[in-house]
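The values are calculated or read from the model by the stated rules, or taken from the named source; none is laboratory data. These numbers come from a predicted model, not from an experiment. Please note: Cβ atoms are built from the backbone with ideal geometry, for glycine as well, and neighbour counts cover all protein chains shown. Ligands, DNA and RNA are excluded from the accessible area calculation, which covers all protein heavy atoms including side chains. Shrake-Rupley method; radii C 1.70, N 1.55, O 1.52, S 1.80 Å.
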Amino acid sequence: MKPDLLYIPGLDTRLRDMLEPEFTLYDLPGEKDQAAFLAEHGARFTAVATSGTVGLPAAVMAALPNLKIVSCYGVGYDGIDAETAAARGIIVTHTPGVLNDDVANTAIMLWLATSRKLPMLDRYVRDGRWEREGNAALTVSPQNRTVGIVGLGRIGQAIADRLPPFGARILYHTRSPKDVPYTYYANLTEMAREADVLIVITPGGAETHHLINAEVIEALGPEGILVNVARGPVVDETALIAALQDGRLGGAGLDVFEHEPVVPQALCELDNVVLQPHIASATVETRRAMAQLVGDNLIHYFREGTVLTPVPECQHLT
């Protein structure tokens, strides 16, 4: 008999195709019908497949008394209370590693596009301004810059690996120093003051909420560039907008936003920002690999009793 799996809508269709032969899938209904659905069916589910964006609401987890595993599509899992899950003996998994390259590539792309004002110059050509007004204003070279990385996990290291061809001096900020040939800063504001570019790739959650605050942004300065490929709430968006508008920050390349998918109109009106709709890992190749790992974790658990990529809070359960 196949295990019953609660499937959170919005996941990659390839994942559904992979899971249907192994599980009996039930889609979680919308909020209006959730309470009745969970009251009737909650006890039957031993597994959940969800995404890092949607997560697993606390009320839903509480309504699943026999839950054993939550497999998350994404490296970030701040929408899942992993500590509560671990206390209940529930294993939470995620998809690290498989998206490192594309997120790192996106971080570099956002930096280059912001530094060279790519979207603005694209519009300059398309609007016929080159012909009418002549050559555009000069931009700033990314070569030989000091780059600070906020968070030096797998993706942070992948970003650092891509920086030597630019002649970059690499700084980093984490909870504690690592055995790497870069300069460590325990104080984030001091690192921002030293950096030309600040690339944010730290996990989201309460501990990093508004980690990039007005003080850090001010320290980065009027020629500095902020790149965020982490989570939107890691950056104080109000402080960021004010600094960009006032010229106290040189530019920003943003893949994520504090209240996405809502993006403040003020950001959309600025020429010194590059905006993306949270798609750093959104390539066919990476999404396929992520879906595969979500499915592999679930299948491996029910066949072998272990998982491939537990989150840190749940590693002791495997």
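Rounded to 0.05, the FRET efficiency of the R248 and T146 pair, given R0 = 25 Å and the Cβ-Cβ distance, is 0.85. Per residue, the solvent-accessible area of segment 38-120 (1.4 Å probe, heavy atoms of protein chains only, all protein chains present) comes to 37 Å². Springs between Cα atoms under 10 Å define the GNM used for the chain, and in it the highest mean-square fluctuation of H41, H278, H94 occurs at H41. Compared with the dominant Cα axis of the chain, that is its longest principal axis, helix 284-304 is turned about 30°.
Of all aspartates and glutamates in the structure, the ones whose alpha carbon falls short of 19 Å from that of K32, not counting any fewer than 8 places away in one chain, are E40. Look at the alpha carbon pairs under 8 Å that are at least 6 residues apart: their mean separation over the length of segment 124-245 gives a relative contact order of 22 percent.
Can you give me the % of accessible surface on segment 91-235 that is carbon or sulfur? Probe 1.4 Å, all protein chains present, nothing else counted. Roughly 50 percent, rounded to a whole number. Given R0 = 35 Å, the distance between the Cβ atoms of E194 and L275 translates into a calculated FRET efficiency of 0.85.
The residues of segment 172-228 expose, per residue, 51 Å² of accessible area to a 1.4 Å probe.
Largest mean-square fluctuation among E207, E31, E194, in a Gaussian network model of the chain whose springs join Cα atoms under 10 Å apart, belongs to E31. Note: relative contact order over segment 1-122, using C-alpha pairs below 8 Å and six or more positions apart, is 20 percent. Find the centroid of the Cα atoms in segment 182-261 and in segment 8-59, then give the distance between the two in whole Å. So the separation of the two Cα centres works out to 35 Å.
In this rough spin-label picture, where each label sits 7 Å from Cα along the Cβ direction, the E131-F302 distance is 6.1 nm. A simple spin-label model places pseudo-atoms 7 Å from Cα toward Cβ; at T183 and E215 they are separated by 2.1 nm. The relative contact order of the chain, computed from alpha carbon pairs under 8 Å that lie at least 6 residues apart in sequence, is 18 percent. In straight-distance terms, cross-link reach from K2 covers every one of the aspartates and glutamates whose alpha-carbon lies under 14 Å from its own, apart from those fewer than eight places away in the same chain; here that gives E20, E22.
In the chain, taking the dipole from charged Cβ atoms about the Cα centre, the farthest positive-side position among S176, L267, V54 is held by S176. Over the residues of the chain, the helix contribution to mean residue ellipticity at 222 nm works out to -10500 deg cm²/dmol, using -39500 (n - 2.57) for each DSSP H run of at least 4.
When both bridge partners sit in the chain, DSSP labels roughly 5% of those beta bridges antiparallel. Comparing mean-square fluctuations of P264, P57, P222 from a GNM of the chain with C-alpha springs under 10 Å, the top value falls on P57.
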